[in-house]
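In what follows, a structure is listed as C-alpha cells, so that the remarks can point back to it.
The values are calculated or read from the model by the stated rules, or taken from the named source; none is laboratory data. Bear in mind that the values here come from a model prediction, so they are computed numbers and not experimental data. Note that we place each Cβ from the backbone using ideal geometry, even for glycine, and neighbour counts take in every protein chain shown.
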Amino acid sequence: MQKIKKPLIAIVVVAIIYFVLPGFVQKGLKYNFADVDDYKIFEKHTIAKSGTPKPWQIAEGYNKKAPSAELLNMFDERQTCAYLVIKDGKLLYERYAQDYDKETISGSFSMAKTVNALLIGKLLEQGKITSLDDDVKKYVPELTQIPAGKLKIKDVITMSGNIDWTESYMNIFSLTAASYYGDNLNDLMAKLKLRDDNQQGKLYEYQSCCTQILGYIIKNVTKKSLAENANEYLWQPLGAESDAIWSTDKNGMEKSFCCINVTARDFARLGQMVLQHGKWDSVQVIDSNYIKAMTTPASYLKDEKGNTCDWYGYQTWMINYKGHQIPYFRGILGQFIFVVPDENMVIVRLGKKIKRDPDDPKYQNDDIRNYIEAGLQVIK
C-alpha cells in the first residue's frame, strides 16, 4: 500500500504545480517546442486568397534538373517539407515531402517579420506613417512603460530597439515564450521597458518584441487587423491562390513576429515581388525605393561583439554567397525565401529542422548556404 501511495502523491503534486503555472507555460510544456503546424493550436485570422488568382507559369524545364544527391539527402535529414525555385518568373523546380504538397500551408515563423516590414512600407507610401523617425509612442499607446521620444520606428524595424528582452526559445518562462504561447499581447506590450544604456538605434540585437511593436503600429494606424492589411496590400495584388492563416492571441491580435501559415507557392510570390523591386505584373505593390532601403544592411549598427551589421536591414536578412548578394526572409526552423537578383531567381524552403551555428558572426549557417547552392544547381 505504501508503495502505491508514493507515486500517487508525486503525480498529485506535479498536477498541482502544473495547474498553478501561467497559461502560456502550461501550453509550452504541453506542446514542448514550436512546430510548423502550430496554427492548429492558436486562434486565427484568415488572409483570403486573391479574387483573381494568378497561377505560376511552369518553366519549360520544370523539374528536369534537381540538386545533387548529397543536398537532397540533407533536405531529408532536415525534414524539408517544400523546396521551390522560381527562375525568370516561372516555376522551374518543386519538391515536396513530409506529407506536404502544393496546397499545404506551413508556418512562417519569423519570415512574418519581413511581411510586417512590407506593410510598414505601404503605410509610409500612403502617408499613414509620416516617417521611420517617428516616435513609436505616437502609434502604440499600449507601450505604457516606454517613455515618449526614446524609441523610433526605425529602431524597431532594424532590430536596434534595445528593449529589456532576452530572445530565448528554450526557456518556457521567457517573454518570448509568453508572446508565442500566451493569450494577451496587450499585457505583453505593457510590460516592455527600455534598457537604460541609451543604445537604441545603435546596437543590433534580434528581438521579436520589436516586430510585435510594428504589428501594433500597423493595426492602430489602419484600424484593421494585420490579416486584413496583408490581404488588401499583398495577397490580392499578388494573385495568391490559397487562403493563408495568421495566428492570433485570444483578443484577435496577430502574433506579428511569427505565425503566418502559407503555401510554398504563395510564399514565393512575396520573394518575386521583392525581386521585382516591389512590382507584380504592371502594379507597383510596394514602393521601389522602400524595397531598396528594406534590403540594404543597417551598417551603422554594431552587435554586442562590435561586428558591423551587414546582415540585416528592415526585418530582412542578407547574405553574400559566392558573390551573390541575397536578401532573404528567415524562420527559426529553416523557413526561407531567398531573393537572388543577379540570377533573377527566388528560392523557397519550408521544413521542420535546421542546423544551428551560434558562433557564426553573421548569424548564418551551412544550411542557408546549402539551400542557396541547391537553387544554383537547378538553374545551371
Quickly run through the range 242-291 and pick out the residues that are among the β-branched types (Val, Ile, Thr) and either closer than 18 Å to residue 337 by Cβ or without any contact (Cβ under 8 Å) to a residue 12 or more places away in the chain (or both). 245, 260, 262, 263, 274, 285, 286, 291
Restricting the range 194-213 to residues that are closer than 11 Å to residue 150 by Cα and part of a loop (DSSP other than H, G, I, E, B), which is modelled with the lowest pLDDT? 196
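Conditions tested, residue by residue: (1) in contact with an Asp or Glu (Cβ under 9 Å, 6 or more places away or on another chain); (2) surrounded by 24 or more Cβ atoms within 10 Å (Cβ to Cβ); (3) in the same structural domain as residue 81 (by TED's automatic domain parsing).
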| residue | (1), (2), (3) |
| --- | --- |
| 207 | yes, no, yes |
| 211 | no, yes, yes |
| 226 | yes, yes, yes |
| 241 | yes, no, yes |
| 248 | yes, no, yes |
| 255 | yes, yes, yes |
| 276 | no, no, yes |
| 283 | no, no, yes |
Scanning for something within 21 Å of residue 34 (Cβ to Cβ), in contact with a Phe, Trp or Tyr (Cβ under 9 Å, 6 or more places away or on another chain) and not in a strand (DSSP E or B), does the range 245-253 turn up at least one residue? yes
Return the residues of the range 115-173 that are without any contact (Cβ under 8 Å) to a residue 60 or more places away in the chain, of a type in the set (Ser, Thr, Tyr) and in contact with a helix residue (DSSP H, G or I) (Cβ under 7 Å, 6 or more places away or on another chain); say none if nothing qualifies. 144, 168
Kindly list, by first and then second residue, each pair from a residue in the range 348-360 that is under 23 Å from residue 92 (Cα atoms) to a residue that is among the aliphatic types (A, V, I, L, M) and in a loop (DSSP other than H, G, I, E, B), limited to pairs with Cβ atoms under 7 Å and residues at least 6 apart or on different chains. 351/333
Residue 365 fails exactly one of the following numbered conditions: (1) under 30 Å from residue 101 (Cβ atoms); (2) in contact with an Asp or Glu (Cβ under 6 Å, 6 or more places away or on another chain); (3) at pLDDT 95 or above. What is the number of that condition? (3)
Given the conditions (1) more than 30 Å from residue 374 (Cβ to Cβ); (2) at pLDDT 90 or above; (3) surrounded by 13 or more Cβ atoms within 10 Å (Cβ to Cβ), and given that residue 62 satisfies all but one, which numbered condition is not satisfied? (1)
Does the range 52-110 hold any residues that are among the acidic types (Asp, Glu) and closer than 18 Å to residue 336 by Cβ, and which are they? 76, 77, 94
Just one listed residue, out of 107, 149, is touching a strand residue (DSSP E or B) at 6+ places or on another chain (Cβ under 7 Å) and surrounded by fewer than 24 Cβ atoms within 10 Å (Cβ to Cβ), and it is 149
Give me a count of the residues in the range 36-51 that are more than 17 Å from residue 256 (Cα to Cα) and in contact with a Gly (Cβ under 6 Å, 6 or more places away or on another chain). 1
Among strands (runs of 3 or more DSSP E) entirely within the range 285-380, at least 2 residues that are in contact with a Ser or Thr (Cβ under 6 Å, 6 or more places away or on another chain), of a type in the set (Phe, Trp, Tyr) and farther than 22 Å from residue 273 by Cβ occur in none
Exactly one condition in (1) under 27 Å from residue 367 (Cα atoms); (2) at pLDDT below 95 is not met by residue 26; state its number. (1)
Would you tally the residues in the range 297-312 being touching a residue at least 60 places away in the same chain (Cβ under 8 Å) and either in contact with an Asp or Glu (Cβ under 8 Å, 6 or more places away or on another chain) or acidic (Asp, Glu) (or both)? 3
For residues in the range 143-167 being in contact with a Phe, Trp or Tyr (Cβ under 6 Å, 6 or more places away or on another chain) and at negative phi, which is modelled with the lowest pLDDT? 167
Name the one entry in 318, 345, 294 that is surrounded by fewer than 24 Cβ atoms within 10 Å (Cβ to Cβ) and either in contact (Cβ under 8 Å) with a residue 60 or more places away in the chain or farther than 30 Å from residue 188 by Cβ (or both). 294
